[in-house]
Amino acid sequence: MAPSFDDGNSLFNFVVRDGNGVKGMVDSGLSTVPQAYMQPPIERIDKDRARKHGHPPIDLSKLGGPEHDEVAKQIVRAAENLGFFQVVNHGVPVDLLESLKDTAHDFFSLPAEKKAVYRDDVSPTPLVKYGTSFVPQKEKALEWKDYISMQYTNDAEALQHWPEEIRDVSLEYLRTSMSMVRKLLQVLLENLGVKPEDSMIDVLVDKKMVNMNYYPTCPNPDLTVGVGRHSDMGTLTILLQDGIGGLYVKIEDDSEFGKKGEWVEIPPVPSALVINVGDMVQVLSNGKYKSAEHRVRTTSTKSRVSIPIFTMPNATAKIAPLPEVVEKDGNTLYKEFVLVDYMKNFFSNAHDGKKSLDFAKINSA
């Protein structure tokens, strides 16, 4: 029997500690948004006021051909101004993308006890974590999301430890995406005046993680959020959206993409993947490229899934603006740091826009 969701402690125990997640709460017959999930008005997403991002996806099949330079310019412009762009002809089979979405829905439809075995405090492997929200213990308002996170070390460990229901399709998604990631990084680095060797790109994508996010239907999406305002901490994120949508990005400066401070929706495009610039690329580029502040809205009509791949350097890597960029700029905006220290700061706080980057800023108060 589900507890009273009006009681914060009972709700927290049921959803977070016992591993029932938001889905378990919704499946119990929930008809209103509990107080614990009500966001302050300033954090709520007004979809009627947000404009849809109208730029077409970038065709990656043209890289290396006669139109290479124009496609490279499109990638760079998006990375400099928005931090988000969509790509097609990316090398990941379209039928695999459809299978991923179906598999994610199937996994989150499993009984709670099948998923709860991977909760942070009881998971049989440090490579897999099942959870809800972001840092529930630190959040003033919880996020309307459940997720399963799978760290990649090598194929053998993934085959051994990742949940068998989602293992094979997730591993194939990762395998088929990495060539695209490497091409994108090569374009971005060459634009900075850097001739990237394979070993350099290897360092930037050394750590990889596949997540499946599940956003159950919500009685009143206007009151809560699926994910709060944040930027991703890594190098590049590859995101598969389903057809429902709900991803919003904040424009950092006036540009062809919109006005500073405006939120734009990234609408789903069939067979496309979304590319998201992470904090590490902003630091390496000395602020030339922008990690994107983004958030996710819930929906009342149908549950939504998204499947990101997060790439980042090794936890022991030293990160700082690239010397070639600093020499050209004449100054440096960010200090050198070890990634693990940045990670500890990032994962110990609730989502709060791009505040995590303050950790790396020089003369940051």
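The values are calculated or read from the model by the stated rules, or taken from the named source; none is laboratory data. Small disclaimer: the values here were computed from a predicted structure and weren't measured. A quick note on method: Cβ atoms are made from the backbone with ideal geometry, for glycine too, and the neighbour counts reach across all protein chains shown. Each accessible area value is taken on the protein alone, full model and side chains, heavy atoms only, with ligands, DNA and RNA left out. Shrake-Rupley method; radii C 1.70, N 1.55, O 1.52, S 1.80 Å.
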*For segment 52-69, what are the residues that are under 30 Å from residue 262 (Cβ atoms) and outside any loop (DSSP other than H, G, I, E, B)?*
52, 58, 59, 60, 62, 69
_For segment 323-361, give me the residue count where each residue is surrounded by fewer than 18 Cβ atoms within 10 Å (Cβ to Cβ) and small (Gly, Ala, Ser)._
3
*Looking at (1) surrounded by fewer than 20 Cβ atoms within 10 Å (Cβ to Cβ); (2) closer than 19 Å to residue 293 by Cα; (3) modelled with pLDDT of 95 or more, find the lone condition where residue 85 falls short.*
(1)
*asked:* Restricting to segment 160-186, name every residue that is of a type in the set (A, V, I, L, M) and open to solvent by 10 Å² or more (accessible area, probe 1.4 Å).
replied: 169, 178
*Could you list, in sequence order, all residues of segment 92-108 that are under 16 Å from residue 130 (Cβ atoms), open to solvent by 40 Å² or more (accessible area, probe 1.4 Å) and in contact with a Ser or Thr (Cβ under 9 Å, 6 or more places away or on another chain)?*
105
*Which residue pairs have Cβ atoms closer than 7 Å, lie 6 or more positions apart in sequence or on different chains, and pair a first residue in segment 93-111 that is under 18 Å from residue 23 (Cβ atoms) with a second residue that is of a type in the set (Val, Ile, Thr) and at pLDDT 95 or above?*
101/305; 103/166; 103/169; 104/305; 104/307; 105/305; 107/148; 107/166
*Name the single residue, out of those in segment 50-77 being free of Cβ contacts under 8 Å to residues at least 60 places away in the same chain and among the small types (Gly, Ala, Ser), that is least open to solvent (accessible area, probe 1.4 Å).*
65
_Which listed residue, of 272, 320, 292, is over 30 Å from residue 42 (Cβ atoms), out of contact with any helix residue (DSSP H, G or I) (no Cβ under 8 Å at 6 or more places or on another chain) and surrounded by 15 or more Cβ atoms within 10 Å (Cβ to Cβ)_ = 272
*Filtering segment 1-32 down to residues that are among the hydroxyl-bearing types (Ser, Thr, Tyr) and in contact with a Pro (Cβ under 7 Å, 6 or more places away or on another chain), which residue is nearest to residue 220 (Cα to Cα)?*
32
*Pull up segment 1-49, narrow it to residues that are farther than 23 Å from residue 120 by Cα and basic (Lys, Arg), then point me to the one that is least open to solvent (accessible area, probe 1.4 Å).*
44
_residue 311 being open to solvent by less than 20 Å² (accessible area, probe 1.4 Å), polar (S, T, N, Q) and closer than 30 Å to residue 42 by Cβ_ = no
*Give the residue that is nearest to the chain's Cα centre (by Cα), with candidates limited to residues of segment 116-131 that are within 14 Å of residue 151 (Cα to Cα) and assigned to a loop (DSSP other than H, G, I, E, B).*
127
